[in-house]
Amino acid sequence: MSRPLRLEFPGALYHLTARGDRREPIFEDDDDRHALLEVLARGLDRFDAACFAYCLMGNHYHFVLQTRHANLSRLMRHVNGVYTQAYNRRHGKVGHLFQGRFKAIVVDRDAYFLEVCRYVDLNPVRARLVDRPRAWRWSSYRAHAGLANAPPWLDSQTLHRQLAPHAWRRDGPRRYTEFVAEGRGVKLWEDALSGQIYLGDDGFAERLRSRHMKRPASGSSEFAVAQRRTRPQPVDVYLGHAGGRDAGIALAYLEGGHTQTAIARVAGLSVSRVSRLVRAYEAKGKT
């Protein structure tokens, strides 16, 4: 089975999900949830991205992010990788926390921006964990609805400006509350997401195709990616990092997108040694 396509370009809006390995929980308690949001905040700052909505469930999460550069994979490698390391250290575990790669759907901002944020904030209601979205602490709803202060990394203003352009500070939270209430019975989203790599109309799909894709010679409807992505530097280039070899090893994993196995092979180290170097680099606060 082929891997899902990755569309990366400046300004792309994504609905992102990642699920626990074997559908197991990715949080043991609220400290873990706080930890993931802190990792996300650092990743948004480091990779120059914006977050418009989020929801932390039991064995998965949802994010609505926009990347200002073609660097989604680097951002998500940081988020999932750093959180996994922190989770494993805290709970004395080893190995994978997430099931495979994250799922990314490119969203037509003009048509579906508000809809995707509403979908994410309604997730706990659809899962029958709560009756109202305001009762779920671990989503963006309370901030967007004016019931709690938005963290610095969550962009509520953009939603409010779209819903109440003439008086967004006063009316934006109320309009968002009404908008979410209107969407409780909407099922289009689940149907639209099935097997998709984008969410938009035919015009949006054609723009993606012409800018980032090409049709296979066979005439199949499946797309072949021609992503605008900077090719990562080889591992040996990172090993000559000005900050030292150990820092270069960590950056090859955190920034370069190389696996710890590949780094260990080039550096002549064990995978566990590479993992320790990455953790030490993170502990110094250089990420």
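The values are calculated or read from the model by the stated rules, or taken from the named source; none is laboratory data. Computed from a predicted structure; not experimentally measured. Ideal geometry is used to build each Cβ from the backbone, glycine not excepted, and the neighbour counts take in all protein chains shown.
Tabulated data for the structure shown
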| item | result |
| --- | --- |
| Residues of region 142-155 classified as closer than 19 Å to GLN66 by Cα and either without any contact (Cβ under 8 Å) to a residue 40 or more places away in the chain or more than 23 Å from the chain's Cα centre (by Cα) (or both), total | 2 |
| Where ASP131 falls short, out of the listed (1) touching a strand residue (DSSP E or B) at 6+ places or on another chain (Cβ under 8 Å); (2) of a type in the set (Asp, Glu); (3) surrounded by fewer than 18 Cβ atoms within 10 Å (Cβ to Cβ) | (1) |
| Single residue of PHE102, PHE47, PHE98 found to be over 27 Å from HIS144 (Cα atoms) and crowded, with 17+ Cβ neighbours inside 10 Å | PHE98 |
| Qualifying residue in region 19-37 (condition: in a strand (DSSP E or B) and assigned by TED's automatic domain parsing to the domain that holds PRO173) | yes |
| Meets criteria (within 30 Å of PRO10 (Cβ to Cβ), assigned to a helix (DSSP H, G or I) and charged (D, E, K, R)) for ARG118 | yes |
| Residue identified as assigned to a loop (DSSP other than H, G, I, E, B) and among the aliphatic types (A, V, I, L, M) among ALA41, ALA70 | ALA70 |
| Flag for ALA150 being in a helix (DSSP H, G or I), closer than 21 Å to ARG33 by Cα and in contact with a helix residue (DSSP H, G or I) (Cβ under 6 Å, 6 or more places away or on another chain) | no |
